[in-house]
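Trainee: Pasting in a structure now, in structure tokens, and then I'll have a few things to ask.
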Amino acid sequence: MPSRDGEGHGGTVSAAQDDVQEFAALLRRLKDRTDRSYGQLARRLNMNTSTLHRYCAGDAVPVDFAPVERFAALCEATSQERLELHRLWILAVAARQRSRSAASATADGSPSAADGSPVDAAEEPTGLVTADPTPAGAPPRAPWYRRRRLLVSAAVATALLATLGSLSALPDDDGPRASDSVQGSDPSRTTPTGTPRPKSTGSPSPSPTTPSPSDGASKKSSPKSTPSGGSSSKEAGRQQSPAGVPLTWSANSHVWQAGCGHDYVVARPPSQVPPPPPPQDAEAWAGSQSAVHGKQTMIEISVQGKTSTAVVLKALRVRVVGRSAPSGGTVYTMDQGCGGALTPRYFDVDLDKDRPIARPADGNDSGVTIPAMRLPYRVSAEDPEVLLVDARTESCDCSWYLELDWSSQGRTGTVRIDDHGRPFRTRGIKGLPMYVYDTSARSWVTYRP
């Protein structure tokens, strides 16, 4: 019977891969139980996102158990799971050490480790257990793959010197540049206030921005270039401001109070209305019934920068584009209210006012106050933010949308946040018949709050 290590090089490879993959599989199971991404977990663990992803994919094994222990704590692992994780980590480290020994004993000068992974002499110092890149007993003459690496390096160095020589020969231009004076997004994409946008949520909508330079000024300030397309040496070393809106957003307007309570107004009798959906299917259910938010609309807005450059969210405004008295319809309440110990911080909007504004409001977590979000606020690709807007009305059938002002690297602009190119709609429910779904009778029954 062969041992766990196997017999020969192939058995060592198979055993090493099995031990490492078992360890990685447990890491993935713990990660999948959370609602956090690799980036969010990596920031809490003070490591690179790519490093954490390599651990969970089985491409690397940490040499220290401390980050694994912190990872287990973030994923709320049980004591039994932590013991199992420690056991599998020990086996995975030992497997990598066996692979390292097998690679050292390889006499044919193969450029791969015993576990089949390529050996890279420029591996970043992430504290990983990897195979020794120098095969034991190598002859004085470098192997073919090392000679090819030297030739490639020499070719790259020659091309780099030639490029630097070309750039240094170009004339300097100290005049103004177009990138120095650009503000806001492309003015050709500006849409008048109140016009529905054809774009869906999830990408920044074109919006009114601050004025951009005239065409003549842009031509005068454009950087000089050579026939080959290269810019001046100063321009090459300058970080240019990106064009367009530097952030992305998505909006979910079917958020229920405490995750379980909401009212919809539907112009159909109870016999034609299906049972209430789970919260995650609310948008599809409301769309199929042409339902309108009754008395309250809660919108969850996710905002994130496109790059690591900070984008400052300066202001959030409410624009009412339609206002009338509510009439007709039947109110269908998703339940009789469930309440909750957690109330997130949000922006409160009173649509009954002539000029409604978004006011920051505190949240509450079991009696502990959650401070309201105060604008301005910074976001980037690594630091997204979620804004919750709670809009209410008692006597209005209101159509409205939001405007979010931003600034970044000297540029300013505004994005319009709406419902897939249409305004949001919220209407009062006072005096309308109300129904709640009785699960035992499997039908809608009259509800008197």
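Trainee: Residue by residue through the range 415-431, which ³J(HN,Hα) values in whole Hz follow from phi under the Karplus form 6.51 cos²θ - 1.76 cosθ + 1.60 (θ = phi - 60°), with glycine and proline marked x?
Mentor: The phi angles translate into 10, 8, 10, 9, 9, 6, x, 10, x, 5, 9, 9, 9, x, 10, 4, x Hz.
Trainee: Would you mind counting up the charge near P360? Only other residues with Cβ under 10 Å from its Cβ, with Lys and Arg at +1 and Asp and Glu at -1.
Mentor: My count for the surroundings of P360 gives +1.
Trainee: Compute log10 of I(q)/I(0) for the range 403-449 with the Debye formula, placing one identical point scatterer on every Cα and leaving out solvent, at q = 0.13, 0.14, 0.22 Å⁻¹, to two decimals.
Mentor: After summing over all Cα pairs, the log10 values are -0.61, -0.64, -0.86.
Trainee: Also: Within the range 376-403, which residues have the backbone N less than 16 Å from the label spot 7 Å out from R317 along Cα→beta-carbon, could you tell me?
Mentor: Inside the label zone: 376, 400-403.
Trainee: Roughly speaking, what % of Cα-Cα pairs in the range 247-446 are separated by over 22 Å, rounded to a whole number?
Mentor: Cα-Cα pairs in the range 247-446 separated by more than 22 Å: 52 percent.
Trainee: Rounded to the nearest 20 Debye, what is the dipole magnitude of the range 8-104 about its Cα centre when Lys and Arg each give +1 and Asp and Glu each give -1 at the C-beta?
Mentor: Values: 14 positive and 11 negative charges, 49 e Å.
The dipole magnitude comes to about 240 debye.
Trainee: Exposure proxy check: W285, W444 ranked by fewest other beta carbons within 10 Å?
Mentor: Neighbour counts put them in this order, fewest first: W285, W444.
Trainee: Mean separation of Cα pairs under 8 Å and 6+ residues apart, divided by the residue count of the range 8-104: what relative contact order is that in percent?
Mentor: 46
Trainee: Across 10 Å bins from 0, what is the distribution of all Cα-Cα pair distances for the range 8-104, in whole percents?
Mentor: Here the calculated profile for the range 8-104 is 16, 49, 26, 8, 0.
Trainee: Here's a follow-up. Return the loop-located GluC sites (Glu not before Pro) in the range 385-449 (DSSP other than H, G, I, E, B) with at most 11 other Cβ atoms within 10 Å of their own Cβ; answer none if there are none.
Mentor: Those that pass, being in a loop and sparsely packed, number zero.
Trainee: Put a dot 7 Å past each Cα toward the Cβ at E283 and N252; how far apart are the dots in nm?
Mentor: Between N252 and E283, the simple spin-label model gives 0.8 nm.
Trainee: Efficiency by 1/(1 + (r/R0)^6): what FRET value for A325 and R378, r their Cβ-Cβ distance, R0 = 41 Å, to the nearest 0.05? Kindly include the intermediate steps, with their values, before the conclusion.
Mentor: Working: r = 42 Å, r/R0 = 1.02.
Computed FRET efficiency for A325 and R378 comes out at 0.45.
Trainee: While we're looking at this one, here's another question. Compute the signed sum of charges (Lys and Arg +1, Asp and Glu -1) over the other residues within less than 9 Å, Cβ to Cβ, of D397.
Mentor: Taking every Cβ under 9 Å from that of D397, the sum is +3.
Trainee: Which whole-angstrom value gives the distance between the alpha carbon centres of the range 396-415 and the range 247-322?
Mentor: 18
Trainee: So, one more: Dividing the Cα radius of gyration by the Kirkwood radius, what Rg/Rh value follows for the range 325-407?
Mentor: Details: Rg = 16.0 Å, Rh = 15.6 Å.
Using Cα coordinates only, the ratio equals 1.03.
Trainee: Which order do M373, M434 fall in if you start with the one that has the fewest other Cβ atoms within 10 Å? Could you put the intermediate results ahead of the total?
Mentor: On the way: M373 20, M434 17.
Ascending Cβ contact count within 10 Å gives the list M434, M373.
None of the figures in this text is laboratory data; all of them are computed from the coordinates on show. All values derive from a computational prediction rather than experimental measurement. Counting neighbours? That spans all protein chains shown, and the Cβs are built from the backbone with ideal geometry, glycine included.
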